[in-house]
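Before any comments, here is the structure.
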Number of protein chains: 2
Amino acid sequence: METAKIRRGRKFDQVLLGARSVFLRDGFEGASVDDIAREARVSKATLYSYFPDKRLLFMEVARSECRRQAEAALHLIDPGAPAAVVLRAAAEHIVAFMISDFGQRIFRICVAEADRFPALGAEFYQSGPMLAREKLGAYLRLAAARGELAITDFDLAADQFAELCRANIHAKLIFGITPTPTGAEIDRTITGAVETFLARYGTSRA
Amino acid sequence: METAKIRRGRKFDQVLLGARSVFLRDGFEGASVDDIAREARVSKATLYSYFPDKRLLFMEVARSECRRQAEAALHLIDPGAPAAVVLRAAAEHIVAFMISDFGQRIFRICVAEADRFPALGAEFYQSGPMLAREKLGAYLRLAAARGELAITDFDLAADQFAELCRANIHAKLIFGITPTPTGAEIDRTITGAVETFLARYGTSRA
DNA sequence: CGCAATGTAAACGCCCCGGTTCAGAAAGCG
DNA sequence: CGCTTTCTGAACCGGGGCGTTTACATTGCG
């Protein structure tokens, strides 16, 4: 089921690259195929010789972006480190992605098109929030076994932490209230998330 | 600055109603003016005699929806009640809006169009998340003065609570992973949010 | 070199959409 | 009733977008 119905050719990657940048800039409806072809320095005929239509091209871009993102977030947790350290590192990673231009754009597009492209929403969720929850959940289980944390519902705990990392930042950003938050604001959010999480789930021997 | 440049007429409300339903169903780009006119049982000429263009019609719909929402959420907090009670009530309200069909649609549209319509993002944020934060923050200050809570950063605390209410629900919903969550899932999230919040900010005399 | 595969440029057909126009119907009001 | 305001329906315009085609250039490989 990988890339059925998609012919490859010399300039395949060019097309994907160009499509990536235009879709991210303009969204699915907003992007025009002519724009993509121009951006990719490729003729429209070539583009259509690879992809049968705009939707499939879009899905292919989204898929590859989700994979990229998933792989990047894979080597981040040191299972032996204390919770306060791991949580802070995780929070920094989450926030960094969240406030990045790319993170915002992909989020916007996925939210907007999730109903027209059910597969897109699923792919993004699995390679983003869900993956994060699993990785963090695995660590939480270790730390709990160690007696460092006291958790019964690991899935909920991991999700709560991820949500706490968005406090005071994400909504303002996504609705265009403020530009990129300052380092101080970020630190305030991250510190607050870690403290609140540990207040709930930490044991004395942190 | 209310409704400048907008003529009224006999069927003004019809148009607004029809526009509301079509925009909510199809988004801004997806909605066609012909569709709206048909839905509103009004000729396109009439529609254009009220609103100079599609954008202004859209903004007017969004504005009125935001106002509606803001007013609905106004009479909810009993300042004298204990934190556990007030928090649970607030959480229930937040979750109810979040999982409602209307809440999801308006969220999707605002996220998608916030960069093309800066005013829309602002309006939604102010009459939604920001209003909630202010109302909840006001209560938190009271409860803290009473000694029931121990908070230094009230804005952050209020935001954290709102975010906690989304754990395990919002992402799955917005990306189309699950349909409406069950009552049990909702309760799990709400209970978890209240408990975590109180673990961090509650004093012994809760 | 010669030949097949691959890519190009531009035009074309088709459809949909936002917005305008106009002759005429309907509604409201004295 | 008669007059004005409001509404109608359908045609129309200009523009843009998706996807196709065609006649031609380039690449690459045996």
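Return the residues of the range B:185-206 that are of a type outside the set (Val, Ile, Thr) and crowded, with 18+ Cβ neighbours inside 10 Å; say none if nothing qualifies. Let's see the steps before the verdict.
Let us first name the residues in the range B:185-206 that are of a type outside the set (Val, Ile, Thr), namely B:185, B:187-188, B:192-193, B:195, B:197-202, B:204-206.
Scanning the range B:185-206 gives B:Arg188, B:Gly192, B:Ala193, B:Phe197, B:Leu198, B:Arg200, B:Tyr201, B:Gly202.
Let's see how each residue does on (1) away from chain B (no Cβ under 14 Å); (2) near DNA strand D (Cβ under 9 Å from one of its atoms):
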| site | (1), (2) |
| --- | --- |
| A:Ile6 | yes, no |
| A:Gln14 | yes, no |
| A:Glu29 | no, yes |
| A:Ser32 | no, yes |
| A:Arg41 | yes, no |
| A:Leu56 | yes, yes |
| A:Glu65 | yes, no |
| A:Leu74 | yes, no |
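For A:Glu123, are the conditions met, namely being more than 12 Å from the chain's Cα centre (by Cα) and of a type in the set (Asp, Glu)? Steps first, please.
Working: more than 12 Å from the chain's Cα centre (by Cα): no; of a type in the set (Asp, Glu): yes.
No: the conditions fail for A:Glu123.
Residues that are within 30 Å of A:Glu163 (Cα to Cα) and free of Cβ contacts under 8 Å to residues at least 40 places away in the same chain, at least 3 per element: which helices (runs of 4 or more DSSP H) completely within the range A:1-114 meet that? Reasoning before the result, please.
Working: elements: A:12-30, A:33-40, A:44-50, A:54-72, A:83-99, A:101-113.
Output list reads A:12-30, A:54-72, A:83-99, A:101-113.
Search the range A:179-195 for residues that are without any contact (Cβ under 8 Å) to a residue 40 or more places away in the chain and pair each with any residue that is acidic (Asp, Glu) when their beta-carbon atoms are under 8 Å apart and the residues are at least 6 apart or on different chains.
A:Arg188/B:Asp153; A:Gly192/B:Asp153
Given the conditions (1) surrounded by 14 or more Cβ atoms within 10 Å (Cβ to Cβ); (2) away from every other protein chain (no Cβ under 13 Å); (3) of a type in the set (Asp, Glu); (4) within 15 Å of B:Tyr125 (Cα to Cα), and given that B:Glu113 satisfies all but one, which numbered condition is not satisfied?
So B:Glu113 meets the others, but not (2).
Has the range B:164-184 got any residue that is more than 10 Å from chain A (Cβ to nearest Cβ), of a type in the set (Val, Ile, Thr), buried (at least 17 other Cβ atoms within 10 Å of the Cβ) and farther than 26 Å from A:Leu173 by Cβ?
The answer is no; no qualifying residue exists.
Among (1) within 13 Å of DNA strand C (Cβ to nearest atom); (2) under 23 Å from A:Val111 (Cα atoms), which single condition is B:Asp34 missing?
Result: B:Asp34 passes all but (2).
Residue-by-condition table, conditions (1) among the polar types (S, T, N, Q); (2) closer than 20 Å to B:Ala122 by Cβ:
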site: B:Gly18; (1), (2): no, no
site: B:Val22; (1), (2): no, no
site: B:Gly30; (1), (2): no, no
site: B:Arg38; (1), (2): no, no
site: B:Arg41; (1), (2): no, no
site: B:Ser49; (1), (2): yes, no
site: B:Pro52; (1), (2): no, no
site: B:Phe58; (1), (2): no, yes
site: B:Ile77; (1), (2): no, no
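Restricting to the range A:151-163, what's the tally of residues that are within 16 Å of the chain's Cα centre (by Cα) and facing another protein chain (nearest Cβ under 7 Å)? Don't jump to the end; show me each part of the working.
So the first thing to find is which residues in the range A:151-163 are within 16 Å of the chain's Cα centre (by Cα), and the list is A:158-159, A:161-163.
Those left that are additionally facing another protein chain (nearest Cβ under 7 Å): A:159, A:163.
So the answer is 2.
Within the range B:62-74, is there a residue that is among the charged types (D, E, K, R), touching a helix residue (DSSP H, G or I) at 6+ places or on another chain (Cβ under 9 Å) and within 16 Å of DNA strand C (Cβ to nearest atom)?
No, the range B:62-74 contains no residue that is among the charged types (D, E, K, R), touching a helix residue (DSSP H, G or I) at 6+ places or on another chain (Cβ under 9 Å) and within 16 Å of DNA strand C (Cβ to nearest atom).
If A:Val85 passes every condition in (1) away from DNA strand C (no atom under 16 Å from the Cβ); (2) of a type in the set (A, V, I, L, M); (3) more than 14 Å from chain B (Cβ to nearest Cβ); (4) touching a helix residue (DSSP H, G or I) at 6+ places or on another chain (Cβ under 9 Å) but one, which one does it miss?
For A:Val85, the exception is condition (4).
Scanning the range B:43-54 for residues that are hydrophobic (A, V, I, L, M, F, W, C) and over 27 Å from the mean Cα position of the chain (by Cα), which turns out farthest from DNA strand D (Cβ to nearest atom)?
Just the residues of the range B:43-54 that are hydrophobic (A, V, I, L, M, F, W, C), to begin with: B:45, B:47, B:51.
Subset that is over 27 Å from the mean Cα position of the chain (by Cα): B:45, B:47.
On the way: B:Ala45: 3, B:Leu47: 8 Å.
Residue satisfying both the conditions and the ranking: B:Leu47.
Which of the numbered conditions does B:Tyr50 fail, given that it passes all the others? Conditions: (1) at pLDDT 95 or above; (2) on the phi > 0 side of the Ramachandran plot.
Here B:Tyr50 meets the rest and fails (2).
The values are calculated or read from the model by the stated rules, or taken from the named source; none is laboratory data. Model, not experiment: these values are computed from the prediction. Every residue, glycine as well, gets a Cβ built from its backbone with ideal geometry; the counts of neighbours run over all protein chains shown.
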